[in-house]
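All remarks here apply to the structure that follows.
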Amino acid sequence: MATMTAGQPSGGLLPFTRLVLIVSAVVQLIFGAVGLFLVPLWNSFFWTSPLPAWPDAAMHFASLNYLATAIAALYALQRGTWESARTYFAFSFPYIILSVIIALITAADPGVPTIMWLYVLLSVLYLPAVAYAWRSQART
């Protein structure tokens with residue numbers, strides 16, 4: 001039987017950790033759905049010039065990754081355990097760091113559209129949120 005710590009069962013998710021998982025799932029679901037069903041919208045809004053447009057088939061396959069990570073975040077949320085959330089964060093944290101690095105490299109050549117800087121901003125907000133959730137959960 002789980003023990004209680006500060007109103008949470010041991011191993012349970014704190015409200016902030018749940019929020020980070022929810023935001024993660026929503027962003028991944030949006031990217032996945034747009035990329036899978038609305039490639040022209042993806043290429044005109046989410047991934048614009050000077051970056052080359054995604055061919056439909058490539059975008060469909062890439063979108064499956066977004067949808068799979070959304071499912072992983074929702075699964076961690078549904079399970080409600082730190083072990084599940086930690087596993088998701090162990091993937092998403094380095095993925096986001098590497099994405100920011102690639103965005104910065106891409107900014108040098110061929111350059112990135114304005115929306116890419118919004119993704120970098122989202123990442124800069126996401127990384128400390130995950131770190132805070134991880135640190136807070138580790139104390140429970």
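The values are calculated or read from the model by the stated rules, or taken from the named source; none is laboratory data. Small disclaimer: the values here were computed from a predicted structure and weren't measured. Please note: Cβ atoms are built from the backbone with ideal geometry, for glycine as well, and neighbour counts cover all protein chains shown. What goes into the accessible areas is simple: the full protein's heavy atoms, side chains included, and nothing from ligands, DNA or RNA. Shrake-Rupley method; radii C 1.70, N 1.55, O 1.52, S 1.80 Å.
Just name the residue that is nearest to N43 (Cα to Cα) out of those in segment 97-140 that are among the β-branched types (V, I, T) and not in a helix (DSSP H, G or I).
Our first condition is that a residue be among the β-branched types (V, I, T); within segment 97-140, this holds for 97, 100-102, 105-106, 112, 114-115, 120, 124, 130, 140.
Cutting the leftovers down to not in a helix (DSSP H, G or I) gives us 112, 140.
Details: V112: 13, T140: 43 Å.
Ranking the candidates gives V112 first.
Taking the condition more than 28 Å from G12 (Cα to Cα) and either in contact (Cβ under 8 Å) with a residue 40 or more places away in the chain or open to solvent by less than 30 Å² (accessible area, probe 1.4 Å) (or both), does V130 pass? No. Check whether at least one residue in segment 74-96 is free of Cβ contacts under 8 Å to residues at least 60 places away in the same chain and not in a helix (DSSP H, G or I), and report yes or no. Looking for residues that are free of Cβ contacts under 8 Å to residues at least 60 places away in the same chain and not in a helix (DSSP H, G or I), one finds none in segment 74-96, hence no. For T48, the conditions (1) under 27 Å from P15 (Cα atoms); (2) outside any helix (DSSP H, G or I) are fulfilled apart from (1). Restricting attention to segment 81-101, the residues that are open to solvent by 50 Å² or more (accessible area, probe 1.4 Å) and closer than 15 Å to L19 by Cα add up to 1. Can A108 be described as more than 25 Å from R18 (Cβ to Cβ), exposed (fewer than 13 other Cβ atoms within 10 Å of the Cβ) and without any contact (Cβ under 8 Å) to a residue 40 or more places away in the chain? In short, yes.
Would you check if P55 is over 26 Å from T140 (Cα atoms) and either more than 18 Å from the chain's Cα centre (by Cα) or at pLDDT 95 or above (or both)? Walk me through it before giving the result.
Details: over 26 Å from T140 (Cα atoms): yes; either more than 18 Å from the chain's Cα centre (by Cα) or at pLDDT 95 or above (or both): yes.
In short, yes.
Looking only at residues in segment 9-45 that are outside any helix (DSSP H, G or I) and open to solvent by 40 Å² or more (accessible area, probe 1.4 Å), the one that is modelled with the lowest pLDDT is P9.
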